[in-house]
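The block underneath contains the structure these notes are about, expressed in structure tokens.
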Amino acid sequence: MASGSLATTVTVSERQRVILEKLVRSKRSPRELVERSRIVLMSADSLNNTEQARRLGDGVDQQRIRRWRNRWAEKEDALSLAEANQAIDKDLMKLIVSALSDKPRSGAPATFTPEQIIRILAVACEPPSESDLPISHWTPTELAREVIKRRIVESISPRHVDRFLKGGRHKTTQKQVLDDVKGQT
């Protein structure tokens with residue numbers, strides 16, 4: 001890595017470039033992965049951070065570009081070693097996606113177990129009339145009261161119940177991205 005105000009030098013092999021370009025083109029790649037892949041590609045093409053920020057727009061600042069340049073540079077040896085050891089494209093893709101993924105964050109342990117969440121969602125699927133409630137549809141407030149009453153949880157806010165209910169929306173997973181990109185080869 002370079003020192004001072006010079007940008008970290010980024011190198012990308014031809015195989016890595018092909019995979020990064022597939023990630024950029026894939027309609028199933030999460031926005032963050034596309035952005036980070038573009039940063040690495042532009043960095044490898046010797047574009048400075050200021051020019052990259054201008055081209056990427058949408059609030060992408062030089063600090064973010066610097067972060068992903070540095071993280072890629074930290075992984076270059078592992079990626080080169082994988083290629084030297086004849087890693088198949090699928091495994092190289094996994095390494096690249098991992099290199100461009102957020103680092104695990106520390107935080108508080110989960111408040112609710114998966115079993116509790118499943119039971120809360122099961123109650124949400126029941127008609128409220130089965131709980132002798134004079135309502136036609138569950139509201140987050142009524143559902144929170146009911147799961148506390150049934151002792152599924154000791155306490156829960158209506159907002160938290162609402163998050164569980166909205167959690168069923170489709171989210172692209174890393175596996176879906178890998179499968180989609182693999183299908184393009």
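The values are calculated or read from the model by the stated rules, or taken from the named source; none is laboratory data. Computed from a prediction, not measured in an experiment: that's the story for all the values here. Cβ placement follows ideal geometry from the backbone for every residue including glycine, while neighbour counts extend to all protein chains displayed.
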Is there a residue in segment 107-127 that is under 30 Å from VAL24 (Cβ atoms) and in a helix (DSSP H, G or I)?
no
Checklist (1) buried (at least 19 other Cβ atoms within 10 Å of the Cβ); (2) modelled with pLDDT under 95 applied to GLY59, failing item
(1)
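Please specify each residue of segment 77-88 satisfying the condition of being over 21 Å from the mean Cα position of the chain (by Cα) and either at negative phi or part of a helix (DSSP H, G or I) (or both). Please lay out each step first, then the result.
First, the residues of segment 77-88 that are over 21 Å from the mean Cα position of the chain (by Cα): 77-78, 80-88.
Answer for segment 77-88, where residues must be over 21 Å from the mean Cα position of the chain (by Cα) and either at negative phi or part of a helix (DSSP H, G or I) (or both): ASP77, ALA78, SER80, LEU81, ALA82, GLU83, ALA84, ASN85, ALA87, ILE88.
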Which one of the conditions (1) among the charged types (D, E, K, R); (2) at pLDDT 95 or above; (3) in contact with a helix residue (DSSP H, G or I) (Cβ under 9 Å, 6 or more places away or on another chain) does GLU14 fail to meet, given that it meets all the rest?
(3)
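Is it the case that THR8 is within 30 Å of ARG163 (Cα to Cα), modelled with pLDDT under 90 and assigned to a loop (DSSP other than H, G, I, E, B)?
Details: within 30 Å of ARG163 (Cα to Cα): no; modelled with pLDDT under 90: yes; assigned to a loop (DSSP other than H, G, I, E, B): yes.
It is false that THR8 is within 30 Å of ARG163 (Cα to Cα), modelled with pLDDT under 90 and assigned to a loop (DSSP other than H, G, I, E, B).
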Condition met for ALA53 (of a type in the set (Gly, Ala, Ser), more than 22 Å from ASP102 (Cβ to Cβ) and either free of Cβ contacts under 8 Å to residues at least 40 places away in the same chain or not assigned by TED's automatic domain parsing to the domain that holds VAL97 (or both)):
no
Of everything in segment 89-106 that's in a loop (DSSP other than H, G, I, E, B) and in contact with a Leu (Cβ under 9 Å, 6 or more places away or on another chain), which residue is farthest from VAL18 (Cα to Cα)?
SER101
